[in-house]
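Q: The following block contains the structure, expressed as structure tokens.
The values are calculated or read from the model by the stated rules, or taken from the named source; none is laboratory data. Just so it is clear, the model here is predicted, and its values are computed rather than measured. Quick reminder, even Gly has a Cβ in these numbers, built from the backbone with ideal geometry, and neighbours come from all protein chains shown.
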Amino acid sequence: MNARFTGLAVSILIAAAAAPLVAQKTDAGGGQQRAAKKISTAAAPLAEQFGERARQMISNTADESLKWDDRITAVRVMSRAADLLWVDDPERARRWLRRAWEVTGGVSVADAGGGMNRLRGQSPRSTLYTTVLLVAQRHDPELANQFIGKLADEKEKSAEESRRGVFDDRTARSEQLLNLALAVADENPTLAANIAEQSLVDGISFQLQLVLLILHRRDPKAANRLFDAALDHLSTAFAHASEGQAIASYLFTPGRVTGTGQGNGTSLAVVADGAALKMTPAQADPARARQFLKIMHRVLLNLPAPSSTPNPTIYAQEIATLVGSLRGGFSLYAPDLLPSVEHRMADFIPDLRPATGASSSSPRAENMRINSNSNDEQEINKLYLEALEEAADKETDLIARKLAYVRVALMTKPEDLARGQRIATKIDDAELRKQVISFLIYRTALHALEKDQIEKAVELASAALPLPQAIVLITAAQRLTGERSGKNVSKSTGSDLHALELLSEAERLLKREDKFNDTLRVRLGLVAALAAIDATRALAAWTDLIDAINQASSFDPVETSAPRLTNLQGFSTQLLLPRIPHGYGLKDAVTPLARADFESSVSIASKLTVPSVRGLCMMEIAQSILEAKPEAIRRLKTEPIVKSRN
Amino acid sequence: MRACTIRGIVALLLTMWFATHIGEAQSAAGSYSPPKEVTLIFELQDLPGRDDPRSLWELTYQWRIADGRAFSEWVSTGMDSTKESQVGILISKQSFTRRDLSKAENRQFKITVPVAGELFERLSESTQRNQAIWVDATVHIYDAKLNRQIIERVNPAWRWPGFKDGSARVVMQITPLGSWSWTSARPSANKNQPTETKTVTLPPRP
């Protein structure tokens, strides 16, 4: 098995690396411009023919989606259809978008089959509103404004959404505006700043700090303009402690914010995906930080006394938490203002629960820890692990000792695999030891992929890893190698027969693991990998996979990430595993397949039994054709190369 | 780094939760006679592989009591396991392994400790001197149906009113889809008190 996978890995890497060379060879000889023109001319009628088919499929699917039980997929399909066919028929696209907006209004948490985030109450409805709005914003900003206008009237959320998260945005409208701003911030910072500024009408929301962070990185001027607008709001219309905290988080602890729970007084800290900044925005612009602190100083001094508010204890806690978030900033950028703030806070102490003083110091301790020198932290972690291992060595209780070794092994850094493995060998339970070592190898391999160390990841995959994990690593490595070479899909060459053989064997073995729905995504990744080498084999695998999807208890047609395949779950290990975000979804599998054999792909996909899954699959196929380059269309087979098996 | 951050956040949450509630103990203070014994029950409510004879449940724990402030300080400095033995006193420390989990009695483990000596003193004085009672356990479950090993830290903490009757229950379960959760029994003294230690996760970007 190991030898097989080593061979497989090498073959795949060779095949993927060779792809651009093959392509270059084809282009060599005649002048490149002449060749391109020839291709373009030859491809034109075919492109038109397939394009028309694709548009028809999209249109039919969008119309059919209204009948689906799966309203979430229906909204996605209608929005995407509107996006793809807007140029051809704007009026029809607008109708789809309006319908999608209406359907979204009826979507509930139950439609998504699960609960909402306890901290941010972003409902499936909110996500779908964003999907629709993004399309409207792209093609018809006036329509987007109309939609947002409707949200302004949505004062009361439904009962299921009334469980407000601690870090919710101020209103449904501000939430959508900030979602939109986040979606466009990378490519159009000015537009993002403009949209986010509109959200200030409803106050400063949690997500504003995220928008500010992206803008700070992409376009500091746009970030400053939005920041100044937020300060204007604070100085004239401060309404809630969380408004100050969102800005304090952006300035002093980017990506981290503390808040006060409404129900039980519990304070929480959230780690958001803040950019790893070399210096905080406050360090980069101390004058703006001081300006913010001056405004907060004035706000704090003019706050009403807790006793005059409906819930003095909660109010006092919220302000105490806010001051805790600001204290470090005051010390550094406005030390002259801090004494009067502390003095003012003394008025709040009687309304605080007696031990809140301890809680306000905790965020500071946490911030100190976060901001501490990373080398010191590494050293502290190393010493801590050594102490834990020593304690485990001395433990006389066998179960306690075994589980202590598991814990210490899992606490090692992914980069320090040898250390983790050494500790894991002390686990006195063969099966558990094997699982822990396997997990450590998988984790290190995923980290290697994350750092673009493809060869290392493949080498680790060929070690003693369970099959699904090895397949995930190898298929991801194959795709990354293709991307690194600037070419994703190649034709089969004689040199990769061995790779094909082994991929097919892997595919056969994977079929035995159908009992877990996660394996379906591994198989989708495998189909995508096969498609890059041999479309015929990939289509055969795709045909078998359709049966498995039809039989599965659940299947998410939108998810594209690699499943977190570990048989070991412990100490937040699942959370700490790097994600492979793409390559394992329906889209990843059908895009190369459809471009290789459109007719067969459609024919096979038509066997999907769940209407929404089938519809979304048709949508992916059609979109892959519409977005294909003319050269890819030229290679399309006009006849199916795989006969359907009934 | 991420592990450290999450550990820090959990520590922060615990500190804040305990700190914000400890005062209520003072306000609820009054005369108090400790129970004759204290009880801790671990219960594995359900798991998909319950009827599979290969499934296993094992747990190692230490059960401690300390002054509220000492406990808060330990939590706020990151719940350093190597220093835990220096915080307060040990009530009980044991491990167990259970198989044949289809039987309800094999999915429960009860510990009873007589209240005497320093434990008696601490509980008697708990109206004047806040006491934190906590369990630091590591649980290992092998679910044969899912073919999954689950190893998690379970560390509930109670303050005095929540532990007034001297009994505590920690309930854990694995859902049919394989997700793991545990709760500590809701103390009757304060319905608003959180019953579970929760790890804060990242809010996704749209």
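Q: Tally the residues that are under 25 Å from A:E386 (Cα atoms), acidic (D, E) and in contact (Cβ under 8 Å) with a residue 40 or more places away in the chain, restricting the search to region B:63-95.
A: Result for region B:63-95: 1.
Q: Residues being within 13 Å of chain A (Cβ to nearest Cβ) and surrounded by fewer than 21 Cβ atoms within 10 Å (Cβ to Cβ): count how many of those fall in region B:158-176.
A: The total comes to 2.
Q: Let me ask something additional. Could you look through region A:117-135, keep only residues that are more than 18 Å from A:T73 (Cα to Cα) and buried (at least 19 other Cβ atoms within 10 Å of the Cβ), and pick out the one that is modelled with the lowest pLDDT?
A: A:L119
Q: Now for a separate question. Do we find a residue being acidic (D, E), more than 27 Å from A:S600 (Cβ to Cβ), within 27 Å of the chain's Cα centre (by Cα) and in a loop (DSSP other than H, G, I, E, B) anywhere in region A:61-77? Steps first, answer last, please.
A: Step one: of region A:61-77, the residues acidic (D, E) are A:63-64, A:69-70.
Filter once more, so that each one left must be more than 27 Å from A:S600 (Cβ to Cβ): A:69.
Filter once more, keeping what is within 27 Å of the chain's Cα centre (by Cα): A:69.
Adding the requirement that they be in a loop (DSSP other than H, G, I, E, B) leaves A:69.
Scanning region A:61-77, I find at least one residue that is acidic (D, E), more than 27 Å from A:S600 (Cβ to Cβ), within 27 Å of the chain's Cα centre (by Cα) and in a loop (DSSP other than H, G, I, E, B), so the answer is yes.
Q: Right, next: Within region B:87-144, which residues are in a strand (DSSP E or B) and among the hydroxyl-bearing types (S, T, Y)?
A: The first filter runs over region B:87-144 and keeps only residues in a strand (DSSP E or B), leaving B:89-98, B:108-114, B:131-143.
Across region B:87-144, the qualifying residues are B:S92, B:S95, B:T97, B:T112, B:T138, B:Y142.
Q: Could you grab me the full set of residues in region A:524-573 that are under 29 Å from A:I72 (Cα atoms), in contact with a His (Cβ under 9 Å, 6 or more places away or on another chain) and touching a residue at least 60 places away in the same chain (Cβ under 8 Å)?
A: A:A562
Q: Give region A:318-333 a look and list any residue that's touching a Phe, Trp or Tyr at 6+ places or on another chain (Cβ under 9 Å) and either charged (D, E, K, R) or over 16 Å from A:A305 (Cβ atoms) (or both), or say none.
A: Looking only at region A:318-333, we keep the residues that are touching a Phe, Trp or Tyr at 6+ places or on another chain (Cβ under 9 Å), and these are A:319-320, A:323, A:325-326, A:328-329, A:332-333.
Selection gives A:S325, A:L326, A:G328, A:G329, A:L332, A:Y333.
Q: Give the residues of region A:409-433 that are within 35 Å of the chain's Cα centre (by Cα), assigned to a helix (DSSP H, G or I) and more than 10 Å from chain B (Cβ to nearest Cβ), sorted by residue number.
A: The answer is A:A409, A:L417, A:A418, A:R419, A:G420, A:Q421, A:R422, A:I423, A:A424, A:R433.
Q: Something else now. Give me the residue from region B:132-153 that is touching a Leu at 6+ places or on another chain (Cβ under 7 Å) and farther than 17 Å from B:V170 by Cβ and, out of that set, farthest from the other protein chains (Cβ to nearest Cβ).
A: Checked region B:132-153; the qualifying residue farthest from the other protein chains (Cβ to nearest Cβ) is B:D143.
Q: Now a separate question. Can you spot a residue in region B:41-58 that is under 19 Å from B:A157 (Cα atoms) and exposed (fewer than 14 other Cβ atoms within 10 Å of the Cβ)?
A: no
Q: Just need a number here: residues in region B:72-91 that are within 11 Å of another protein chain (Cβ to nearest Cβ) and closer than 24 Å to B:V115 by Cβ.
A: Final tally of qualifying residues: 3.
Q: Also: Of everything in region A:518-532, what is modelled with pLDDT under 80 and more than 14 Å from A:A477 (Cα to Cα)? Give them in sequence order. Walk me through it before giving the result.
A: Applying the first criterion (modelled with pLDDT under 80) to region A:518-532 yields A:518-519, A:532.
Passing the criteria: A:D518, A:T519.
Q: Of the numbered conditions (1) surrounded by 22 or more Cβ atoms within 10 Å (Cβ to Cβ); (2) outside any helix (DSSP H, G or I), A:S561 satisfies every one except a single condition; which is it?
A: Here A:S561 clears every test but (1).
Q: When only residues in region B:92-120 that are among the small types (G, A, S) and within 13 Å of chain A (Cβ to nearest Cβ) count, which is farthest from B:E43 (Cα to Cα)?
A: So in region B:92-120, the residues among the small types (G, A, S) come out as B:92, B:95, B:102, B:104, B:116-117.
Adding the requirement that they be within 13 Å of chain A (Cβ to nearest Cβ) leaves B:92, B:95.
Working: B:S92: 17, B:S95: 14 Å.
Per the stated criteria, the residue is B:S92.
Q: Given the residues A:H240, A:H216, which is the only one that is at pLDDT 85 or above and not polar (S, T, N, Q)?
A: None of the other options fit; the residue is A:H216.
Q: Sticking with this one: Does A:I247 satisfy being surrounded by 24 or more Cβ atoms within 10 Å (Cβ to Cβ), over 20 Å from the mean Cα position of the chain (by Cα) and assigned to a loop (DSSP other than H, G, I, E, B)?
A: So A:I247 does not fit the description; no.
Q: Of the numbered conditions (1) at pLDDT below 85; (2) under 16 Å from B:W134 (Cβ atoms), B:T5 satisfies every one except a single condition; which is it?
A: So the condition that B:T5 fails would be (2).
Q: Only residues in region A:393-405 that are in contact (Cβ under 8 Å) with a residue 40 or more places away in the chain and at the interface with chain B (Cβ under 8 Å from one of its Cβ atoms) count as the first member; pair them with residues that are surrounded by fewer than 24 Cβ atoms within 10 Å (Cβ to Cβ) and of a type in the set (K, R), Cβ under 9 angstrom, at least 6 apart or cross-chain, and list the lot.
A: Listed by first residue and then by second, the contacts come to nothing, as the list is empty.
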